[in-house]
Every structure is written in C-alpha cells, then in structure tokens.
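Written below as structure tokens is the structure these notes are about.
The values are calculated or read from the model by the stated rules, or taken from the named source; none is laboratory data. In this text, all values refer to a predicted model and were calculated from it rather than measured experimentally. Reconstructed Cβ throughout: ideal geometry from the backbone, glycine too, with neighbour counts over all protein chains shown.
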Amino acid sequence: MLAPTVARIAALIDHTILKAEATRDEIDSLCDEARENGFAAVCVNPVWVPWCRARLRGAEPKVATVIAFPLGACEPEIKARETELAVSEGADELDMVAAIGHIRSGDWGHVAGDISAVVDAAGDRPVKVIIETAVLTDTEIAKASVIARDAGAAFVKTSTGFHAAGGATTGAVSLIRRAVGEGMGVKASGGIRDCGVALRMVAAGATRIGTSSGLEIARCLDADPSPLAELVEHPERHVACATARVRSVSA
C-alpha cells in the first residue's frame, strides 16, 4: 500500500461534473467549491475549459478536461487535435479515454500510438489514461497500464463513470498499482460517492480520486481528527461513522 503524501483528502480529489446537462451555474459552483476546499482539480467537459480557467484564475485547483469522452473510439489524430485545443484554452490536465476496443482486441501497437498521440499533444501537461477496467480482464488491465506508463502518461485511471459495466474497484486499483509501480499516478474514478469507498481506493494505491461527491467526502474526512495515513491504513473503521458525519455536516 502506498502511504498518502498529503494531509487532507481534499488534495487528492478531482471535483467533477461531466454530465451533458451541466449548467453554467453548476460549473461556477464546482469551481468555487474546489477553490474553497483545496481540491486538486476540477474536471469538466472541454467546452467549459475557458470558463473554468477564468473562474479559477489565481487559485490552486487545476483545470482538468476529458478527451474522446466517454467512448475513446475515435482516431488518434482527433484525440490529439482535441488535446491541442484544450491546452490552448487553458487545460492543465487531460483525462483521455484509451482505445478500449483495441485493448480488448490485443492491438497493443494501436493502443500505444493512441496514448502517445495525446501525450505528445499535451506537452508538459499531465495525461491520465482511462482504461475502463470493468470491461477488461486482469491481463488487459495490467498490459494497458504498462503501455500507458511507457507512453509517458502521468496516471492510469480506472473508469469514465459512464459505462454500464461499472466504475472503480479496489481490485482494479491495486492491480494497476502493481503493474505500474510506485512512480506513476493512479486515479480511481466511477462510483466513488462516500468516505469509506474513497479511503479504500487510497489504501489500494490510488493517488487521485475522481468524484462528483467531492464536497461530501472532503467534509467528512477532513473533519476527522485522525491523520489521513491512519484512516487509510484502517478504512473499515471509518465507514460506520462516515454517514453520521456527513449527515451532521449537511444538517
């Protein structure tokens, strides 16, 4: 298990809205909450990148956006151009969806070229590679993760959160961590809606959490007097009190 390197869970959270019907007011609230709580980033669809860049000017949270989301089923050239545009409009981080069908087909050359196209277009911006772990075998997860690492990506990410097969699991996070070693980021995303689940993901090796429930998770865990490292070592001890704490904060 990787020990957390930050004092607060908020610093691991990508505060996320990726639903198509998100309004400007909701995006404003997302940015304001990220600023107020010290989240790592906001994660939004590309159309909102310039708006978030302006809203977060001078603030610590990064602006992350998604590439080829949520299917990943377009040509590498399209992904690269989308990345270039997002960077030009102020994106700090890029969460790309890998070529999932090619992963399942064992077409590893295409997978590597697809990821490299985005990494090259991103320049010095970190790229997180979404591999949709719920539809892959363990061997496919491990192979895709190593290819992402070798292509220069900064993170492997479990899921879009939009696939019917499901989102992040501790088993997938642990497998990715074992495959890539300790020098690469692992982002758990998809279905992470409470404190206990977030802690178990970090305990399994995640160094970033993608969630639309970031506010509730941060309020819960940052209110706990125990060090984050201690909570991560024993996530099961926190589950019983997590719901009660969130209710008391929301009351």
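Just a few scattered comments:
- Within segment 1-27, restricting attention to residues that are basic (Lys, Arg) and farther than 20 Å from Asp95 by Cα, the residue that is modelled with the lowest pLDDT is Arg8.
- Among the residues of segment 28-57, the ones that are closer than 17 Å to Asp95 by Cα and of a type outside the set (S, T, N, Q) come to 13 in all.
- Taking segment 40-133 as the region of interest, none of the helices (runs of 4 or more DSSP H) fully inside it holds 3 or more residues being closer than 19 Å to Ala151 by Cα, under 15 Å from the mean Cα position of the chain (by Cα) and among the small types (Gly, Ala, Ser).
- Meets criteria (in contact (Cβ under 8 Å) with a residue 24 or more places away in the chain and either at negative phi or among the β-branched types (Val, Ile, Thr) (or both)) for Asp114: yes
- The number of residues in segment 81-106 being of a type in the set (Gly, Ala, Ser) and surrounded by 21 or more Cβ atoms within 10 Å (Cβ to Cβ) comes to 4.
- Taking the criterion of being within 19 Å of Glu77 (Cβ to Cβ) and out of contact with any His (no Cβ under 8 Å at 6 or more places or on another chain), the residues of segment 109-124 that qualify are Gly109, Ala112, Gly113, Ile115, Ser116, Ala117, Val118, Val119, Asp120, Ala121, Ala122, Gly123.
- Every residue from segment 7-25 that is surrounded by 14 or more Cβ atoms within 10 Å (Cβ to Cβ) and of a type in the set (Val, Ile, Thr): Ile9, Ile13, Thr16, Ile17
- Within segment 61-70, not a single residue is without any contact (Cβ under 8 Å) to a residue 12 or more places away in the chain and surrounded by fewer than 23 Cβ atoms within 10 Å (Cβ to Cβ).
- Screening Ile147 against (1) touching a residue at least 12 places away in the same chain (Cβ under 8 Å); (2) surrounded by fewer than 18 Cβ atoms within 10 Å (Cβ to Cβ); (3) within 23 Å of Gly181 (Cβ to Cβ); (4) within 19 Å of the chain's Cα centre (by Cα) leaves a single unmet condition, (2).
- Scan segment 150-167 for residues that are crowded, with 18+ Cβ neighbours inside 10 Å and closer than 23 Å to Arg125 by Cβ and the total you get is 10.
- Filtered residues of segment 124-144 (kept if touching an Asp or Glu at 6+ places or on another chain (Cβ under 7 Å) and either buried (at least 24 other Cβ atoms within 10 Å of the Cβ) or of a type in the set (Lys, Arg) (or both)): Arg125, Lys128, Ile130
- On the stretch given as segment 168-208, residues that are of a type in the set (Gly, Ala, Ser), surrounded by fewer than 23 Cβ atoms within 10 Å (Cβ to Cβ) and in contact (Cβ under 8 Å) with a residue 40 or more places away in the chain total 4.
- Any pair with Cβ under 6 angstrom, 6 or more apart, that starts in segment 26-55 at a residue that is surrounded by 17 or more Cβ atoms within 10 Å (Cβ to Cβ) and ends at one that is hydrophobic (A, V, I, L, M, F, W, C) and part of a loop (DSSP other than H, G, I, E, B): Cys31/Leu56; Arg35/Ala59; Val49/Ala91
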